[in-house]
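The values are calculated or read from the model by the stated rules, or taken from the named source; none is laboratory data. None of these values were measured; they are calculated from a predicted model. Cβ placement follows ideal geometry from the backbone for every residue including glycine, while neighbour counts extend to all protein chains displayed.
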Amino acid sequence: MTRTLIFFLALAPAGVAHAQSITLRPLGEARLRYESVDQQGLAADADALTLRIRAGVEANAGPWSALVEGQGTLAMVDDYFDGLRGPANRPLVADPGNIALARAQIRYASPAFTMTAGRQRIALDDERFVGSVGFRQNGQSFDAVRAEVTPLKGVKADLSYAWSVRTIWGIDGAGARQQAVSGDNVFGNLSVQTPVGKLTAFAYLVDQDEAAVQGHRLSSQSYGVRLDGVRPIGKAKIAWQLSYARQSDWHRNPNDYAADYYLADVGVDFGGPRLGAGYEILGAGSGAIGGTALTSFQTPLATGFKFQGWADKFLTTPPDGVRDLYASAGWGWKAIGPLKAVTLQAAYHDYRSDRISRSYGDEIDLLASAKLGKCTASARYARYEAGGFATDTDKYWLQLDWML
């Protein structure tokens, strides 16, 4: 946190110069989750009952604010492999026990300019490249400085420099699953609103300086463009996303590779019924079939749970890449009696390799959720049926979230 404190001290005089009344806002949230995993090839199932609590305070004085938030994760039932401890004959549930400083940041915000310094969450675009990994109990944050500039209406520049990534593995993280990964990471976005949606050019430079984490092989530079928008059509709304990126090795990465990323996604909300479909490709790099690991398109800082199914089979892209053809259907209600934001959803994924299009397998994901007061309850299920990749896996989740 040394660099974070330097930023705080540098900004403090300006804050004092503009001193005014300070308002305090308490922060608090809790999540109780049961996760069960049945994975073919392992001797036992995984059963994890975990509780996460976050608490903190935000102080505001005009355009200035300071925020401090701590979190703790407790494994109440720990019949699972958490990636660091527990029997490796059980499936991985990546929620190790933890106590940590989740956020410690200072921010200046005006209509045209915002700067945030310190430990913070950064979620860019759809979180395919940089995200907060919100589904996992410990989440992901960054020791960083971030500037957001809006020089003209509909135009925004967003630039971050992060010198440390605080991972989901928590204070006991070690080896390939470090507590934090240092490096000179740079995330840049330039977006403009157009008649067909928001057009964004981006550059994400990921620098993994810890040799224990894949020997620097996750360091990469990705440059691309993205278009996303929403438009009403009668009583319905149609939303679309298109994205392309080119990735290659960067910094200390010993691999020499280049790979492409493609996304086409469309969804229609009829005010109740919802339909969606998409096609996402994380391309294979040059080389032979089943070639060198980590020479396909990788996204190590993404919120991976949001993509390519909830069974988490493709958090690391296979050497031959992966193509995900998917479709979803669901129904949403604003309220059913005392319940708010009621949602039912089902999705199907067909996975194939990018190189020569071999079948990997397919997956079904189901979700039901509803909100009552400050609590949100959800139930999920994922079924991955292996073809030519990984093993059959069933996952179940029951989750209760509360927010102050």
In segment 348-395, what count of residues is obtained for those that are in contact with a strand residue (DSSP E or B) (Cβ under 9 Å, 6 or more places away or on another chain), in contact (Cβ under 8 Å) with a residue 40 or more places away in the chain, surrounded by 15 or more Cβ atoms within 10 Å (Cβ to Cβ) and over 19 Å from residue 333 (Cβ atoms)?
-> 17
Going through segment 75-102 one residue at a time, which ones are in a loop (DSSP other than H, G, I, E, B) and either buried (at least 16 other Cβ atoms within 10 Å of the Cβ) or under 20 Å from the mean Cα position of the chain (by Cα) (or both)?
-> 80, 82, 83, 84, 86, 90, 91, 93, 94, 95, 96, 97
The residue from 288, 311, 284 that alone is free of Cβ contacts under 8 Å to residues at least 24 places away in the same chain and small (Gly, Ala, Ser) is 288
Residue, farthest from residue 255 (Cα to Cα), within segment 195-209, restricted to residues that are crowded, with 21+ Cβ neighbours inside 10 Å and of a type outside the set (S, T, N, Q) = 202
Complete set of residues in segment 134-176 that are aromatic (Phe, Trp, Tyr) and within 17 Å of the chain's Cα centre (by Cα) | 135, 142, 169
Any idea which of (1) touching a strand residue (DSSP E or B) at 6+ places or on another chain (Cβ under 8 Å); (2) crowded, with 19+ Cβ neighbours inside 10 Å is the one residue 40 doesn't satisfy?
-> (2)
Give the number of residues within segment 106-130 that are in a loop (DSSP other than H, G, I, E, B) and either basic (Lys, Arg) or out of contact with any Leu (no Cβ under 7 Å at 6 or more places or on another chain) (or both).
-> 11
Hey, residue 199 hits all of (1) closer than 28 Å to residue 99 by Cα; (2) over 19 Å from the mean Cα position of the chain (by Cα) but one; which does it fall short on?
-> (1)
Have a look at 275, 199 and point out the one that is within 14 Å of residue 126 (Cα to Cα) and at pLDDT 95 or above.
-> 199
Those residues of segment 281-293 that are under 17 Å from residue 219 (Cα atoms) and either surrounded by fewer than 23 Cβ atoms within 10 Å (Cβ to Cβ) or at pLDDT 95 or above (or both) come to a total of 5
Of all residues in segment 327-350, how many are of a type in the set (Gly, Ala, Ser) and within 30 Å of residue 386 (Cα to Cα)?
-> 6
When you look at residue 59, is it without any contact (Cβ under 8 Å) to a residue 40 or more places away in the chain, in a strand (DSSP E or B) and surrounded by fewer than 17 Cβ atoms within 10 Å (Cβ to Cβ), yes or no?
-> yes
Residues (farther than 30 Å from residue 105 by Cα, in contact with a Ser or Thr (Cβ under 6 Å, 6 or more places away or on another chain) and of a type in the set (S, T, N, Q)) located in segment 35-92 = 39, 40
Just wondering, is there one or more residues in segment 271-279 that are among the basic types (Lys, Arg) and crowded, with 16+ Cβ neighbours inside 10 Å?
-> yes
Check segment 165-176 and report whether any residue there is in contact (Cβ under 8 Å) with a residue 24 or more places away in the chain, assigned to a strand (DSSP E or B) and closer than 27 Å to residue 57 by Cβ.
-> yes
First in segment 327-346 and aromatic (Phe, Trp, Tyr), second anywhere and exposed (fewer than 14 other Cβ atoms within 10 Å of the Cβ), Cβ under 6 Å, 6 or more apart = 331/272; 331/273
